[in-house]
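Engineer: Please read through the structure below; I'll follow up with questions.
Coordinate-derived values only; no laboratory data. Given the structure is predicted, the values throughout are model-derived calculations rather than measurements. Note that each Cβ is placed from the backbone with ideal geometry, even for glycine, and that neighbours are counted across all protein chains shown.
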Amino acid sequence: MYFPLKRGLLRKKEADIKAVDGVNFRIKKGETLGLVGESGSGKTTTGKCILRLHKPTEGKITFNGKEIASLRERDMKPLRPGMSMIFQDPYSSLDPRQKAGAIVGEPLIIHRLVRNRKEYRDRVEELFRLVNLDPRMIDRVPHEFSGGQRQRVGIARALAGEPSLLICDEPVSALDVSIQAQVINLLKDLREKMKGLSYLFIAHDLSVVRHISHRIAVMYLGRIVEVLDQDTLYDNPLHPYTRALLSAVPVPDPFIEEKRERIALKGEIPSVLNSPSGCSFHPRCPLAKRECRQKPPDMRLVGKDHEVACHLV
């Protein structure tokens, strides 16, 4: 996904912002794929491309066997109920003037999923109970809910069309730690109840991602550098960037914390306007060689469900 950079009075295009470049992965039915990386690495843009909130510059997106990257919006509309998104900020993603019931029920009306007012009301109440909210709260407006309750309203809205794919865009990062655990456990319970429901779980907190994900994709500067399962993430990460991310996760045991390796990356994530040649991580990598500066690494299978893009592995 490239965004044009336009400047000047005539808004002339000067360059492309390569937000996502060469990303390739699959999500199986009933699976949760965690997508992690620093802010600005392209995680949210990837999720929005999958939902066709952004039309990709190039590439293919296959949803339930159908290629959707080049579909017109009118052809996308029948597929919309099958995919949905939980947004990061429960305070700005809900219309402050709408009642909670209307927020949750709006997809039912847009996609004509109910036949009459009674069926509409019954379905909205069912969705409230599904996310552990009291149906009597239907007539409240968002400012009458706590942050965790607002996010539950957002989850109920996302489930209204009975989707098979949910894009979770850092759904707990704006919540208190105690509430985060409740929302994560709710998402796990929903995955068990709704057979075949898949998640793309976008986050930067590796401990949260490990708790809910079957596999994890690590993203850096618009590219995926490693894909591995939740156990391998902690037992045998291979990419230097993945190792650096893990070393920054605090460990509650002071004895382990004192002895474990700490990897401090130099510098900051480069600008997507001026991406480094070769491996995009080489300016910050403590192990970088000449080859890393000259040639971008290919993604290679190094074990069962374990892929890595690194010349040194």
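Engineer: Report the net charge of residues surrounding residue 95, where surrounding means a beta-carbon distance below 12 angstrom and charges are Lys +1, Arg +1, Asp -1, Glu -1.
Structural biologist: Within the 12 Å Cβ shell, the charges total +3.
Engineer: Need one number for the stretch 179-313: average projected area of the convex hull over its C-alpha atoms, nm².
Structural biologist: For the Cα atoms of the stretch 179-313, the hull's average projected area reads 10.1 nm².
Engineer: In the neighborhood of residue 177, defined by Cβ-to-Cβ distances under 15 Å, what is the net charge if each Lys or Arg adds +1 and each Asp or Glu adds -1?
Structural biologist: Net of charged neighbours comes to -3.
Engineer: Taking the Cβ of residue 283 as the center, what net charge do the other residues with Cβ under 11 Å away carry, scoring Lys and Arg +1 and Asp and Glu -1?
Structural biologist: Within the 11 Å Cβ shell, the charges total +2.
Engineer: Still on this structure, I have one more. Each label point is 7 Å from the Cα along the Cα-to-Cβ direction; what then is the distance between the points at residue 178 and residue 121, in nm?
Structural biologist: Distance between the two pseudo-spin positions: 3.6 nm.
Engineer: A follow-up question, please. D for the stretch 15-63, whole µm²/s, Stokes-Einstein with Kirkwood Rh over alpha-carbon pairs at 10 °C and 1.306 mPa s: what number?
Structural biologist: After rounding, the answer is 131 µm²/s.
Engineer: Which of the lysines could a cross-linker bridge to residue 304, judged by Cα under 16 Å and excluding same-chain residues fewer than eight apart?
Structural biologist: 28
Engineer: Round to the nearest 0.05 the FRET efficiency obtained for residue 312 and residue 195 when R0 = 41 Å and r is the Cβ-Cβ distance.
Structural biologist: After rounding, the FRET efficiency stands at 0.50.
Engineer: Only loop residues by DSSP count here, and only those with at most 16 other Cβ atoms within 10 Å; note down the trypsin sites (Lys or Arg not before Pro) in the stretch 3-72 that meet that.
Structural biologist: 11, 26, 28, 29, 60, 72
Engineer: In addition: From a point 7 Å beyond the Cα of residue 136 in the direction of its Cβ, which residues of the stretch 148-192 have a backbone N at a distance under 19 Å?
Structural biologist: Residues 149-150, 153 fall inside that zone.
Engineer: May I pose another question? Based on a Kirkwood Rh over C-alpha pairs, give the Stokes-Einstein translational diffusion coefficient of the chain at 4 °C and viscosity 1.567 mPa s in µm²/s.
Structural biologist: Here the translational diffusion coefficient equals 61 µm²/s.
Engineer: Hull surface divided by four, with the convex hull built on the Cα atoms of the stretch 3-121: how many nm²?
Structural biologist: For the stretch 3-121, averaging the hull's shadow over all directions gives 11.2 nm².
Engineer: Over the Cα atoms of the stretch 104-183, compute the convex hull volume and normalise it per residue, giving Å³.
Structural biologist: Per-residue hull volume (Cα only) is 100 Å³.
Engineer: Given a Förster distance of 30 angstrom, what is the FRET efficiency for residue 129 paired with residue 275, based on the Cβ-Cβ distance and rounded to 0.05?
Structural biologist: Step by step, r from the Cβ atoms, then E = 0.05.
Engineer: Could you list 143, 111, 311 in order of exposure, starting from the residue whose Cβ has the fewest other Cβ atoms within 10 Å?
Structural biologist: Exposure proxy ranking, most exposed first: 143, 111, 311.
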